[in-house]
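Here the structure comes first, spelled out in structure tokens, and everything after it is commentary.
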Amino acid sequence: MAPTIHYYCPCQSGESVQTPPPPHMASSSASFHPLHSLFFCEECDAVRCNRCVSVEVSGYYCPNCLFEVPSASVRAEKNRCARNCFSCPICRSTLQVVASDPPDGGDGRPSVSLSNVGEPPFFLYCNHCRWDSAEVGITFEKPTGLAAQLQKFEDSAPESLEFERLKEHFEPFLRTSSLSSLSHVPSTSSHHLPTSSATAAASAALARDVPGVGKYNPLARSRVGRDRTANKDEMPEYKSRMEIGVLGQLGSEGDSSDVEALRRMESAEEIASLEQRWGNSWTTSLRTSDLRPLRIPLHSKVSKRCPSCRHILIKPEQKAQSVRYKIKLVAANYLPAMTVALPHTQGADATRRPQAKVPSASDDRNAGAMMAGKSYPFHLALTNPLYDPIQVRLSVQRMHVTAATNSTAPEKARRTPFAVSLPTSSFPVAAFAEAWEYDDDDDMFGLEDDELGLEMGRTRDKDGKGKVKTVGVLEKRANVTVVGGEVVIGKEARGHVKFNMLVSYTYRSDDPLPSEDGAGTPSRTVAKTPEVKTFTFYTVVDLGPILPREEKLDPDI
Amino acid sequence: MASGRDDEQMRHADDENTGDITIGPGTVVHPKATIFAIAGPIVIGSGCIIEEAAIIVNRRKEVMRVGDNNLFEIGCRVECPSVGNFNTISTRARVHHTVRISNYCVIGAACLVVPTDDETLDDYTSIFGPAAERRIWSGRGRIQEADLRLKHAEYLREMLPKFNRLRRGDGA
């Protein structure tokens, strides 16, 4: 398991606590995210993750024909594509509309040249598994507008009619209850209904006072209001359209007809698998031969907003076929990207790759894992995405490991499982620039060696001289800086080496606005004063599992 | 040594063929296709299309017979003792020497058809998916597909010589 770094988003921790939870707890993984899934709000200067952003739909489209469906038709078409897009019930790939074969000449070669349009009846055909809809009896006279042709059959299904009746029954109660809840609570941000800004504006407009008309209030003094309130609380009983048992006999859900079919079953392929069945809106028959093609469900394009300042973080383009974004404030454009590597395993992997992939006991131990009781260096590579150079300072967060075991010996072991040392001073990372602007790497390397002042051959130093080599800035290349750290693993340590690391970096921002805090320089000459901003975030570094030392089973000894 | 009726077939200079191979008329063998008749001879029918990096190998002493109008797509590997007509072996599929393919079969992309026992695939078998599930095709649309295959081969016969060198007669 390769070492990983995840970034911390404070949305889960509540308002006062800003430090991340201890990483060895299983529940803490919810707060840490890989960098590519995080966003950054410029107004709040904060990291946002997928759990805390508010999401609103900006458009619906069919993933097959890429047709943008207006939101009004989405409900009417039951969230599925209204054109010729169907998914194969067997393999769930897209179906193709094909014409039937022309009458056969008898020798396999077509006697009449095939026309472009083809001959009716048309049917749906899966190129992947060669299923066709004629097996379930669905054929069409025209090759276009298939969804409309199938609509009649869909709507007359008994489950669909039952659902329509349920909707009609509940609709008046839903309407009155939603209106009353709106008049109680003026549009505040922490409403239980997930309102987007559009609907919030609409509901606020609806609740506005109209001169000359009394405001609707369920607790009103008038008799009309009280009557409505009385009606709102009770609902007439719902009578279903048909008996419950009848639906079962139509082949929906397990009863005697299903048992009979199972008894007569010859092979496992006759029963439809779970993946084939759960796309349906209601339960259908279990048999594979009864599976029908479904219209392809629509996908939606979402735009994401910061939860506190409502600034748009992600806004996709309106066209369904474009994958770009109008607004794209991702954290990777603001925070330095960090990767961690264990150099001793990388050397081992490189030599092992050309050989056969047969792992032996010693291979497992060396590759990607650390032995208890030893110390290992690790490399952190930071990549600067900004156009200005930054100064980075790393610090390891103190971990309070509280053991909840009964015996005392494991408690002692867990108290100090491993110790991490990182360079404590701040180091610069160069600015991001185009590839041709960077100098040669050779000059950089020579400088670094002189600064460190050590031979590269020594690897087994654990004293102060060894620390200078492994802990500190190792390499500076383009906009990447590699720093080394060291982790010392205790003899009785178990589990994964995971520690929280606080990263703070300062960069020069050229904001023309006057600064709020007093950290800016007092003299204010325009475009000359460097406005230095500091941003701090937490990360969790996972270096991998610790392998306990096996003293008796070690084959190398 | 390669022998065969080369008058109407089309073979390219870059393909690696070894052994006793007979190829029918109208077959198109793309460059970088490999036909290995290591242990026994291979007989390929007419109108077949063997695309790049396809490997047809016969490791048994008996004759390996491949029928007419088959399509061996890129990167596939076929070792069957017999293949029928109008089959399609899709990209990167592998078919073991224990399988005998009949007619109008479709082996899907990247499918591994490697049963341990000898097996004959029925006509119109379609193998698809990562688990190589099988189902029987109803055969609807086979005439259109056959027509497409013929047009495919015809197009290749017309276009490929413009861009590749041909091997005519006995190749070394």
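The values are calculated or read from the model by the stated rules, or taken from the named source; none is laboratory data. Remember, it's a predicted structure, so these values are computed and weren't measured experimentally. Quick reminder, even Gly has a Cβ in these numbers, built from the backbone with ideal geometry, and neighbours come from all protein chains shown. All accessible areas refer to the heavy atoms of the entire protein, side chains included, with ligands and DNA or RNA removed. Shrake-Rupley method; radii C 1.70, N 1.55, O 1.52, S 1.80 Å.
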Discussion item. Nearest 5 percent is fine: what portion of the DSSP beta bridges confined to chain B is antiparallel?
Written reply: 15
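For a 26 Å ceiling on Cα separation, which of these pairs sit above it: A:Lys476/A:Lys533; A:Lys78/A:Lys239; B:Lys61/B:Lys151? It would help to have the intermediate numbers written out before the result.
Working: A:Lys476/A:Lys533 23 Å; A:Lys78/A:Lys239 24 Å; B:Lys61/B:Lys151 35 Å.
The pairs that break the limit, which is 26 Å between Cα atoms, are B:Lys61/B:Lys151.
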Worksheet item: Given H placed 1.01 Å from N in the peptide plane, which residues other than close sequence neighbours of A:Glu119 have an amide H under 5 Å from its amide H?
Response: A:Ser100
Discussion item. Explain nothing, just compute: Karplus ³J(HN,Hα) = 6.51 cos²θ - 1.76 cosθ + 1.60, θ = phi - 60°, for every residue of the range A:278-291 in order, whole Hz, x for Gly and Pro.
Written reply: 7, x, 6, 6, 9, 5, 10, 5, 7, 7, 5, 6, 9, 5
Item to complete: At 7 Å along the Cα-to-beta-carbon direction for both A:Ser504 and A:Ala419, put a label point, then send me their distance in nm to one decimal.
Response: 2.4
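Could you calculate the contour length gain from A:Tyr387 to A:Ser289, that is, 0.36 nm times the residue separation minus the distance between their Cα atoms, to one decimal place in nm? Walk me through the numbers on the way to the answer.
On the way: separation 98, 0.36 × 98 = 35.28 nm, distance 6.10 nm.
Between A:Tyr387 and A:Ser289, full extension yields 29.2 nm more.
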Worksheet item: What does the charge count near B:Gly141 come to, summing +1 for each Lys or Arg and -1 for each Asp or Glu among other residues with Cβ under 11 Å from its Cβ?
Response: -1
Worksheet item: Given a cut-off of under 8 Å on Cα pairs at least six residues apart, what relative contact order in percent is computed for chain B?
Response: 17
Worksheet item: Where the centroid of each part is defined by its Cα atoms, how far is the range A:45-91 from the range A:121-167 in Å?
Response: 21
Discussion item. Give me the percent of accessible area attributable to carbon and sulfur for chain B, probe 1.4 angstrom.
Written reply: 52
Discussion item. Nearest 10 degrees is fine. How inclined is helix B:142-163 to the longest principal axis of chain B, computing both from alpha carbons?
Written reply: 30
Worksheet, complete the sentence: Counting only protein heavy atoms and rolling a 1.4 Å probe, one gets per residue an accessible area for chain B in Å² of 46
Worksheet item: Which of the residues in the range B:120-144 show a loss of at least 30 Å² in accessible area from their chain by itself to the complete set of protein chains, at a probe of 1.4 Å?
Response: B:Phe128, B:Arg135, B:Trp137, B:Arg140, B:Ile143, B:Gln144
Practice prompt. Find the sum over both chains of the accessible area lost when B and A are paired, probe 1.4 Å, and report it in Å² to the nearest 100.
Written response: 1700
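Apply the a/c threshold of 1.5 to the C-alpha gyration tensor of the range B:10-168 and tell me whether it is rounded, prolate or oblate.
Details: a/c = 1.78, a/b = 1.23, b/c = 1.45.
Cα axes put the range B:10-168 in the oblate bin.
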Worksheet item: What distance in nm separates the simple spin-label points at A:Phe173 and B:Tyr155, each placed 7 Å from Cα in the Cβ direction?
Response: 6.1
Practice prompt. Would you pull out the residues with amide H under 5 Å of A:Phe67's amide H, same chain only if 5 or more places away, H placed 1.01 Å from N?
Written response: A:Cys62
Item to complete: With θ set to phi - 60°, apply the Karplus curve 6.51 cos²θ - 1.76 cosθ + 1.60 along the range B:117-131 and write out the HN-Hα couplings as whole Hz, x wherever there is a Gly or Pro.
Response: 9, 5, 8, 10, 7, 5, 4, 6, 6, 10, 10, 8, x, x, 9
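With 14 Å as the cut-off, how large is the P(r) tail for the range A:24-81, expressed as percent of Cα-Cα pairs? Numbers along the way, then the final one.
Numbers: 1155 of 1653 pairs.
Value for the range A:24-81 (Cα pairs over 14 Å): 70 percent.
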Discussion item. I'd like the Karplus ³J(HN,Hα) series for the range A:371-386: coefficients 6.51, -1.76, 1.60, θ = phi - 60°, whole numbers in Hz, and an x wherever there's a Gly or Pro.
Written reply: 8, 5, x, 10, 10, 10, x, 9, 10, 10, 9, 10, 10, 8, x, 7
Worksheet, complete the sentence: With label points set 7 Å from each Cα along the Cα-to-Cβ direction at B:Val63 and A:Phe153, the distance between them in nm comes to 4.9
Response to the item:
Residues meeting the amide H criterion for B:Arg100 (H placed from the backbone, H to H distance under 5 Å, 5 or more places apart or on another chain) are B:Glu119, B:Thr120, B:Leu121
